[in-house]
Amino acid sequence: MDEEHFLERAKQFAYRLAELQNRLDPDSYDLLLRILRGINDAIVHRRHGDSDGINVAFSPRDQDRFTPALGRELAELTSLLGPHGLRLEVDFGAEQERDRLEVEAIARVSGMDPGRS
């Protein structure tokens, strides 16, 4: 990517981020910034050829706040970061499994059979 193209994408990124700051509620915007900081750290510290992802801790409240619309905004922002082989993937699977097991344990303690439909 040449310098002029890089600068244009950087301007678009800054403009988009400023627009989102005005449009999103403060908690959603803070979550977006936390994710972007994680992505930045991954880019800065990535060794050539590594495919390690980043891990941004999400509370249950963050998971509720991370809507499909916020995910699309994040994907658009990351597309402006350049050809770094970035791929946006959000995985709440482990957290959801932990929650499911906790609910089942509560059901068993309450005398219910969580295995029955």
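Where a number appears in this text, it was derived from the coordinates with a stated rule and is not lab data. This structure is a prediction, so every number in the text was calculated from the model and none was measured. Heads up, the Cβs are rebuilt from the backbone with ideal geometry, glycines too, and the neighbour counts pull from every protein chain shown.
In nanometres, what is the gap between the two model label sites at LEU81 and HIS45, each 7 Å from Cα along Cα-to-Cβ?
1.4
Once you have the Cα-Cα distance between LEU17 and LEU33, take 0.36 nm times their residue separation minus that, and quote the gain in nm to one decimal.
4.8 nm
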